[in-house]
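Encoded as C-alpha cells, the structure appears first; notes follow it.
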Amino acid sequence: MENSEDAVALEPAEPPLLLCGRFYPFDEEGIPFGGAQLVIKERTNQSECADDGGTANNVWDGALLLARYLERDPSTVKDKVVLELGAGCGLLGIACAALGARHVVMTDLPYAIPLMQDNIKRNLSLIRNKISCKECDWVEPPELNDLLDLPETIAKENEVVILVADCIWLAHLISPLLRTLDKFSCEHTKVIITYQQRGREAHDEFWKGIQAIFDVRSIDTEKKNGLHKPAAFFLLECKRKIEGRADLLTVS
C-alpha cells in the first residue's frame, strides 16, 4: 500500500456494522449535481433477473459516494475515457459524462441495459460528449477495445479510468470481477472502487485479490475533500502492479 496523507489503513480491526437504508440523499425526481439536476429512475428489484440478485435496478450508496467524490475533483475524469463495471441504473457514468469525460462506457448484464439507456435520455442536456451502454459479463468479459470502440493498442495506451461502485458483496462474483479488472487494466489505467462492507467473506477475498494485482490506497475522503463517509464504506484508488498476478486468484 502506498503511503499518503489522505490514505488510511486498508482493513479495520473489526468489521463495521452494515448500514440499513440509504446513507447519501437520493431522489428519483432529481439530485443536485455539478450545478444541475441528475434524474435517475430505479425499478423494482427483481431477484430472479440475474446472478447478482437484480441489484442493477437500484441506485446504491457506493455510486452516490463516488459521484460526489468526483464532483469535488472533476479532473479525475474530465477529458478521460471512463469505463464503468456494474453500472446499474447509470448514475455514476452519467455523472462522469456531466463532468466532461471524453467518452463514458457503462457496462452491466443485459437486463440492466434498457434502464441505463432510459436514464441517459433523461439527462441528455447534461452530457457533453460520447456515452454508451454495453453488455459485460465478468465471467466471460469481452475485449477492452470492443467495449471502447478503439484499436487494442490505443485502448491500452490511453489513460482509461475504470470505476466500480458497490459491486463487492457476493463472494462468488469477487474472482470474476478481479479477473475482469486484470484483463482491462495496464500501467496507464486508474481504477477507483467504492463499496460498503456487507460481510467478512467477500471483503476478505476481495482484499486478498485486489492487492495481488494493484497497489491500493484507501482514501480518507473527509480529510481529502470534506466528503463524509461511514466506516463501513471504502473508497479505493488502485494502480496496476508491474507484476500483478491475477493467475493467483482462484475461481469461486
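The values are calculated or read from the model by the stated rules, or taken from the named source; none is laboratory data. Small disclaimer: the values here were computed from a predicted structure and weren't measured. Backbone-built Cβ (ideal geometry, glycine too); neighbour counts: all protein chains shown. With ligands, DNA and RNA removed, areas are computed over all heavy atoms of the protein, side chains included. Shrake-Rupley method; radii C 1.70, N 1.55, O 1.52, S 1.80 Å.
Observations, loosely collected:
- In region 148-172, residue modelled with the highest pLDDT [restricted to those that are buried (at least 19 other Cβ atoms within 10 Å of the Cβ) and over 28 Å from LYS229 (Cα atoms)]: LEU148
- Conditions (1) of a type in the set (D, E, K, R); (2) in contact with a Pro (Cβ under 8 Å, 6 or more places away or on another chain); (3) under 20 Å from PHE214 (Cβ atoms): number failed by GLU135: (3)
- Considering residues of region 10-60 that are touching a strand residue (DSSP E or B) at 6+ places or on another chain (Cβ under 6 Å) and at pLDDT 75 or above only, the residue surrounded by the most Cβ atoms within 10 Å (Cβ to Cβ): ALA56
- Residue among SER175, SER132 that is small (Gly, Ala, Ser), out of contact with any Ser or Thr (no Cβ under 8 Å at 6 or more places or on another chain) and at negative phi: SER132
- Listed conditions (1) over 26 Å from THR44 (Cβ atoms); (2) modelled with pLDDT under 95 are all met by TYR111, apart from (1).
- Single unsatisfied condition, GLU71 versus (1) assigned to a loop (DSSP other than H, G, I, E, B); (2) at pLDDT 60 or above; (3) of a type in the set (Asp, Glu): (1)
- Within the option set SER252, SER175, being surrounded by fewer than 20 Cβ atoms within 10 Å (Cβ to Cβ), small (Gly, Ala, Ser) and either at pLDDT below 90 or part of a strand (DSSP E or B) (or both) holds for one residue only, SER252.
- As a summary of the residue check, ALA87 satisfies the conditions (1) touching a strand residue (DSSP E or B) at 6+ places or on another chain (Cβ under 6 Å); (2) at pLDDT below 95 except for the one numbered (2).
- Contact map, region 199-216: first residue at negative phi and of a type in the set (D, E, K, R), second residue open to solvent by 10 Å² or more (accessible area, probe 1.4 Å) and assigned to a helix (DSSP H, G or I), Cβ cut-off under 6 Å, separation 6 or more or different chains; pairs are GLU201/ALA171; GLU205/ALA171.
- Residue, surrounded by the most Cβ atoms within 10 Å (Cβ to Cβ), within region 83-116, restricted to residues that are part of a loop (DSSP other than H, G, I, E, B) and in contact with a helix residue (DSSP H, G or I) (Cβ under 8 Å, 6 or more places away or on another chain): GLY90
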